[in-house]
Amino acid sequence: MKKFTFKINGNQYEVEIGTIEENLAQVSVNGTTFDVELDRDVKPSKTPKLVRPKPVPLTDGADSKPKTNTPAKTAAAGGVIKSPLPGTILDIHVKEGQEVSIGTKLMTLEAMKMENVVNSDKEGKITNIKVDKGDSVMEGDVLIEIGG
């Protein structure tokens, strides 16, 4: 419903326009309802109505896959440590052949003028360090390989 206030010859009128079907409109003036016949048909607006599908939470899907690995699943198998952010390697705290456990400090990465510590989320022996101090890395680049 659209509401309007009119002032005609000093008198104030509260007008509500209700339903409009073809050329008939239901109008309420100061609480009194009138059926008003329009001299022409009202054309529907050409603005398309946006219809969106109902959102479905990901938890309701049948084919859900975990987005990340848990440390317990990857701890025994070893694997790779990837860069969490693009940045520069400031310091490497481990050596090849060293045994590491979950939470071991591996290296310090400078990203956006902040120092970020990269910790191990795996257990095993470091088989290969892919970067050197001062190297620039992108997000997702392999930094260290850990054997199981």
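The values are calculated or read from the model by the stated rules, or taken from the named source; none is laboratory data. Computed from a predicted model, the values in this text were never measured in an experiment. Every residue, glycine as well, gets a Cβ built from its backbone with ideal geometry; the counts of neighbours run over all protein chains shown.
Going through region 91-105 one residue at a time, which ones are touching a residue at least 40 places away in the same chain (Cβ under 8 Å) and either outside any strand (DSSP E or B) or surrounded by 15 or more Cβ atoms within 10 Å (Cβ to Cβ) (or both)?
To start, the set of residues in region 91-105 that are touching a residue at least 40 places away in the same chain (Cβ under 8 Å) comprises 91-92, 94, 100.
Selection gives ILE92, VAL94, VAL100.
Just to be sure before I move on: is ASP121 modelled with pLDDT of 90 or more and of a type outside the set (A, V, I, L, M) in the structure I sent?
Numbers: modelled with pLDDT of 90 or more: no; of a type outside the set (A, V, I, L, M): yes.
No: the conditions fail for ASP121.
Scan region 130-139 for residues that are in a loop (DSSP other than H, G, I, E, B), surrounded by 11 or more Cβ atoms within 10 Å (Cβ to Cβ) and out of contact with any Pro (no Cβ under 6 Å at 6 or more places or on another chain) and jot them down.
LYS130, VAL131, LYS133, ASP135
Being assigned to a loop (DSSP other than H, G, I, E, B) and surrounded by 14 or more Cβ atoms within 10 Å (Cβ to Cβ) is the filter; apply it to region 106-129 and report the residue that is nearest to the chain's Cα centre (by Cα). Reasoning before the result, please.
The initial filter retains those residues of region 106-129 that are assigned to a loop (DSSP other than H, G, I, E, B), namely 112-113, 120-123.
Checking the rest, the ones that are also surrounded by 14 or more Cβ atoms within 10 Å (Cβ to Cβ) come to 120-123.
On the way: SER120: 27, ASP121: 25, LYS122: 28, GLU123: 32 Å.
If we take residues in region 106-129 being assigned to a loop (DSSP other than H, G, I, E, B) and surrounded by 14 or more Cβ atoms within 10 Å (Cβ to Cβ), then ASP121 is nearest to the chain's Cα centre (by Cα).
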